[in-house]
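One structure is given below, encoded as structure tokens.
The values are calculated or read from the model by the stated rules, or taken from the named source; none is laboratory data. The structure presented is a predicted model; accordingly, all values stated were derived computationally and were not measured. Note that we place each Cβ from the backbone using ideal geometry, even for glycine, and neighbour counts take in every protein chain shown.
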Amino acid sequence: MARIYPVKTVRDYNNSLRIETCNPLLSFVDYSTLPSMTLQMKAYSIYGIFLKDDYAGTLERRNIILDYKQGCMLFVRPGHTVGPNEDCVEFYNPQGYALVFDPKLLHGTDLEKRIGNYPFFSYNFNEPLYMNEEERQTILDLFHIINKEQHHAHEPQNKAVLAGLIGVLLDFCHRLYEHQCGRKSEKVHAADTQRIVADFHALLGDYFDSDLPQKQGLPTVAFIANQLHLTPNYLGDVVKSITGRSPIQIIHEIEVQIVKRMMQQSKLTINQIADKMGFQYPHHLTRIFKTVTGMTPKQYMKLAAV
């Protein structure tokens, strides 16, 4: 088990890299300026935005281990524990960038209200953001502007300006993630969205073909996401971008298709079908059926019999 280094402040993060702290609320690090850096498991109480260029080892978060390639972005929020799954790895000639900032920097700003609206802060490290060269350059430009502004900490509007610039950076990353989730023909490294959607449907099919519905109940988005080693947020973003419908809508549609088939091909009652399907209560089945079809199961059967 790797030892955990607490990063409660920006100064703690800088100390872990053996660099000085210019601004106690924000730090921008160009890893290429460091002769070496010690990688270790860190428990963050601050935000972090990382552009990783060349570390080919493994990082771990939420028991998800990622062996990532160069040129991806990772996001950390307070409460995350992140690092290599071994103690204190010394890494020489590192490449990449880090922007870390204290939640106190956002106090009283618009970004303080919006920071929870960026879903990628809850993504796992096997759901990184990939960029083309033009997108990467835009991110680097924003990094360097923020780096210049951090040296004006003595000026009254410095916190507001920094928060505004970070907000622009996060908005840009949010748009790139939306593009990444929605790409259909372009191969996007590990984020193969078509494969994710296909695996999502396949897992649902396997689930309903098994005895799991009666044992465990109806499948949830969280359960399917866990089987795919994804977060529910990322799975939802990918599925919605490709299909136009949320994962739970698709799950309900498949449930209704199975219910229709069971009503037509068996003599089971609605209560028996609900039990076999894993519905907790028969009226739960009826409610979902009506939401999807616009009619109750009984109304559907009367119409089908005509």
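For (1) at positive phi; (2) buried (at least 18 other Cβ atoms within 10 Å of the Cβ); (3) of a type in the set (Asp, Glu), each residue gets a yes or a no:
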residue: 114; (1), (2), (3): no, no, no
residue: 128; (1), (2), (3): no, yes, no
residue: 133; (1), (2), (3): no, no, yes
residue: 141; (1), (2), (3): no, no, yes
residue: 157; (1), (2), (3): no, no, no
residue: 163; (1), (2), (3): no, yes, no
residue: 166; (1), (2), (3): no, yes, no
message = Whether any residue in the range 184-195 is within 30 Å of residue 300 (Cα to Cα) and either outside the structural domain of residue 74 (by TED's automatic domain parsing) or among the β-branched types (Val, Ile, Thr) (or both) is what I want to check.
response = no
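Report, by residue number, each residue of the range 204-226 that is exposed (fewer than 15 other Cβ atoms within 10 Å of the Cβ) and in a helix (DSSP H, G or I).
At the first step, the residues of the range 204-226 found to be exposed (fewer than 15 other Cβ atoms within 10 Å of the Cβ) are 205-206, 209-211, 214-217, 220, 222, 226.
205, 206, 209, 214, 215, 216, 222, 226, listed by residue number.
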query = Does residue 227 meet the test of being on the phi < 0 side of the Ramachandran plot and more than 19 Å from the chain's Cα centre (by Cα)?
reply = no
inquiry  = I'd like to know if the range 100-123 contains one or more residues that are under 29 Å from residue 35 (Cβ atoms), modelled with pLDDT under 75 and not in a loop (DSSP other than H, G, I, E, B).
reply    = no
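Among the residues of the range 266-285, how many are without any contact (Cβ under 8 Å) to a residue 40 or more places away in the chain and surrounded by fewer than 18 Cβ atoms within 10 Å (Cβ to Cβ)?
Matching residues across the range 266-285 total 10.
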message = Checking the conditions here, which among 17, 26 is surrounded by 15 or more Cβ atoms within 10 Å (Cβ to Cβ), at pLDDT 75 or above and in contact with a helix residue (DSSP H, G or I) (Cβ under 8 Å, 6 or more places away or on another chain)?
response = 26
request  = Say whether the condition of being assigned to a loop (DSSP other than H, G, I, E, B) and modelled with pLDDT under 95 is met by at least one residue in the range 140-151.
outcome  = no
ask   = Pick from 48, 71: which is modelled with pLDDT of 90 or more and within 24 Å of residue 167 (Cα to Cα)?
value = 48
Qualifying positions in the range 237-257 - within 17 Å of residue 205 (Cβ to Cβ) and part of a loop (DSSP other than H, G, I, E, B) = 245
